[in-house]
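The values are calculated or read from the model by the stated rules, or taken from the named source; none is laboratory data. Here the structure is a predicted model, which means the values were calculated and not measured. We place every Cβ from the backbone using ideal geometry, glycine too, and count neighbours over all the protein chains shown. SASA here: full protein model, heavy atoms, side chains in, ligands and nucleic acids out. Shrake-Rupley method; radii C 1.70, N 1.55, O 1.52, S 1.80 Å.
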Amino acid sequence: MARINIDGEQNVEVSKKIPCEKPLKQQLEIMETYTKAYKESEKLDKARRELNCLKTIFPVLFRSIEDTDLIAGRLDYLPIGFGSTTSIGGVGHYCVFHKLREFKEQLSTEDEKNRVDVLYDYWQDHDIKSIYCQDVLNDTTTGRFIDCNYPLMATARLSGMMLNYKRLMKYGINGLIRIIQLKPQNEFLSCSIEALNLLKDVIDRQKELVLEKIPSANTERKKELDLMFKDLDAIREEPPHTFHQALQLFWIYALCAGVINYGRLDDILGTYLKRDIDEGIITEEDAYRYLKSLWWMIENRRTTVNGRIIVGGEGRDDVEGADLFTRICLKVCKNTRYVEPQFTLRLYKDTPEDIKDMAYDCISSGATYPTLYNDEVNVPAVEYAMRLDKKTAQQYVPFGCGEFVIQGKSVGTPNTLLNLLKLLNITLNKGIDPMDGIYKGGPIHIKPLDEYRTFEEFYSQYKELLDYYFDLSIEAQYHSYEVMNKEVSFLFTSILMDDCIDRGKALLDGGVEILGGTNETYGNINASDALYAIKSLVFDQEKYTLKELNEAALHDFVGYEKIRKELLDVPKYGNDHKECDDLANDLYEFVAKGIRQRGIGKGMGYYLIVISNNQTNTDWGHKTSASLDGRRKGQYMNPANNPQGGAAKSGPTAVLNSLSRFKARYHGGSVQNIRFTPHMMKEDKEKVEALFDVYFKKGGCQLMVTVVDHGVLEDAQKHPQKYPDLLVRVAGYSAVFVDLTPDVQEELLSRELYG
């Protein structure tokens, strides 16, 4: 057995997964076959082993075509298999242990259960995350994602891959094979060719699944199935020639690659769409139906925080075709109420006014999408942060909860997470975490509170501890790549990432053009508000000693209500209070620059903080002691880049002014949430749009809007059956409100609602 057991939840799952279509016995047989292929290939090259394993799950795990599907491709994942990220399946050769245990409980015979136990024991030593965790995790500083007892969490995953689908569209499957065949051959390239032939087998299976549906289809459905079959047959041998063919090829490849974010689809598919409409091959209504089907299929993957489709912005090849695609997507987005895809609009100086209007109309309808990104800020920011030329920076895309990557060119997976507030509380207690009494200060000598004579001395001590954790973070991030690279090639992903094929190397083996990464930071605003309270009450006003404030926090403010009230009354971030915002910005820049420099020093293309949120602010808050911003023990922390719930009391303009002060050039993505009533979004539409415009002009990089009436969320808590489709923006993702846990609902309710 492995020294560290990683059995347990590996990611946020809000939406309930669709059960596998295969009978339980067949699922077990597939997992055993996969494991057998892995064992028999264990001494082979990693690419060959990967290919042998992929052949045991493709195409067998593809599901039947459903009656509403207009493109083919539905794929199941088992507790053992191959993937890129824990949102579906797992990482590389994976075993999701808690799901394997759940699977075991469904079996009826002891023999079958014993067979599962054999699999469980074997994968304890071979699951990639397990291998990684043995090297990185410990009892004090670093825990696995999601284990919120630690200041630092680390994981191995390949999140956020945005592939170069334009290359796929240009050459098609056979064209890619011919390109690879012209290279000096090695095992990686040979296996890449075989992977593309496996993709053809997947397409052949889709054709069989289509044929199974035709006999029982009515006349209209038969036309749809005939088109599906014809276009599957076409893309098997040739590059796509129509919009439907391009959409089909993109989708099948994305499924095989295990990617769950889809990139700038307007730039990839817009030209095909415009040409087909101009030539009368399809109508806009046809395109709407195809894209609505894609929306539904993405929703059915249920990855919670992923599913990004990005439209708009600088650097697109066919702007007219891309904008046509965008307009149709906006109609789909407004008319559906799905958690995914995370539909994202990049705004820039040439964004047509009607597209802006459609976007605001979509948001005001309660869709929570599109999320809005500001190219005027983000392109130069990415250019600086990732050290790129402008043309490359224009290809930035957000994924997951808001992290940036360069489409087709960079890895940017967030494999490390830091709790800035927990580290502040540890600093206040000589390296001991008040939550569990464990020392977590590493080698840093942390002074007693009565030895600090100035705020700057205390702040410097906190920064020294942060520096130590920055060092831990970069080592954990980089080692995740080393472990994954040792075990797998990520063949399908590597084929469509620059420059893997030209270099003849797998993605993490020196193949990808830009090896980057991101570090998710949490509790940043709680920490800066607490620092500002310390500065104000201890060192400026001299009302309390630092020890007195900390003693109150150690008692969760029970019996210290007066102190808590004074802490809460100190100015807070989100109210356009310059001195408070300046301190928040100082902490932000220290963390952002420190993490970035560690990445540069390690030789990475970039390593940046991302100020995101996937309800980890709530989960980590449960394991974080009371803090000197007045927050109680175990309470949620601030969401992403936003004020703590209840702290923003000066209106939406003040909130957006505070948000705009953070310089985007130092981070790799951040999240700004705001809530309005439908009345304000509709009756005061011009005022709201002007507010957004000013925010973006002042330097705001991103905005996500939830539109909901006063009292609706409270009523939804009491009567969830009345609100099955009530969407809310949690932070980096949307969710059906009634599907969220009560603690996450409470955090959402704490946020200010304007209008």
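Structure summary
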{"quantity": "Length released on extending from LYS223 to LYS698, taking residue separation times 0.36 nm less the Cα-Cα span", "calculated": "165.8 nm"}
{"quantity": "Shape of region 3-52, Cα gyration tensor, a/c cut at 1.5", "calculated": "oblate"}
{"quantity": "Gained length - GLU689 relative to ARG275, 0.36 nm times residue gap less alpha-carbon distance", "calculated": "145.7 nm"}
{"quantity": "Cα-centred dipole magnitude for the chain, charges only on beta-carbon of K, R (+1) and D, E (-1), debye, nearest 20", "calculated": "540"}
{"quantity": "Whole-percent carbon and sulfur share, accessible surface of the chain, 1.4 Å", "calculated": "49"}
{"quantity": "Computed label-point distance, nm, for sites LYS486 and ASP389 using a 7 Å Cα→Cβ extension", "calculated": "3.8"}
{"quantity": "Separation of the SER216 and HIS555 label points, Cα + 7 Å toward Cβ, nm", "calculated": "7.0"}
{"quantity": "Anisotropy class of region 195-302 from Cα gyration tensor, a/c 1.5 cut", "calculated": "rounded"}
{"quantity": "Fully extended contour minus Cα-Cα distance, from TYR468 to THR741, at 0.36 nm per residue", "calculated": "94.9 nm"}
{"quantity": "Links that overshoot a 24 Å alpha carbon limit, given the list LYS649/LYS687; LYS170/LYS602; LYS440/LYS649", "calculated": "LYS170/LYS602; LYS440/LYS649"}
{"quantity": "Pairwise centroid distance, computed over Cα atoms, of region 669-718 with region 268-318, Å", "calculated": "26"}
{"quantity": "Cleavage-rule hits, GluC sites (Glu not before Pro), region 233-297, DSSP coil, Cβ neighbours within 10 Å at most 16", "calculated": "GLU279"}
{"quantity": "Net charge over other residues, Cβ less than 15 angstrom from the Cβ of TYR573 (K, R count +1; D, E count -1)", "calculated": "-3"}
{"quantity": "Mean separation of Cα contacts under 8 Å (6+ apart) over length of the chain, as relative contact order %", "calculated": "14"}
{"quantity": "Low-density loop cleavage sites - GluC sites (Glu not before Pro) in region 493-548, where at most 10 other Cβ are within 10 Å (DSSP)", "calculated": "GLU542"}
{"quantity": "Average accessible surface area per residue within the chain, 1.4 Å rolling probe, Å²", "calculated": "35"}
{"quantity": "Cα gyration tensor, region 595-753 - rounded (a/c under 1.5), prolate or oblate", "calculated": "oblate"}
{"quantity": "Computed FRET value (nearest 0.05) for LYS565 with ARG205, which takes r as the C-beta separation and R₀ as 41 Å", "calculated": "0.05"}
{"quantity": "Sequence-separation-based contact order of region 41-155, relative, with Cα cut under 8 Å and 6+ spacing, percent", "calculated": "13"}
{"quantity": "Region 255-348: relative contact order as a whole-number percent, Cα under 8 Å and 6+ apart", "calculated": "42"}
{"quantity": "Fraction of antiparallel bridges per DSSP, the chain only, in percent to nearest 5", "calculated": "40"}
{"quantity": "Sites excluded, trypsin sites (Lys or Arg not before Pro) in DSSP loops with at most 10 other C-beta within 10 Å, longest stretch of the chain", "calculated": "44-348"}
{"quantity": "Structure-based [θ]222 nm, the chain - -39500 (n - 2.57) summed over DSSP H runs of at least 4, per residue, nearest 500", "calculated": "-15500 deg cm²/dmol"}
{"quantity": "Formal net charge of residues neighbouring ARG115 (Cβ-Cβ distance under 13 Å; K, R +1; D, E -1)", "calculated": "-3"}
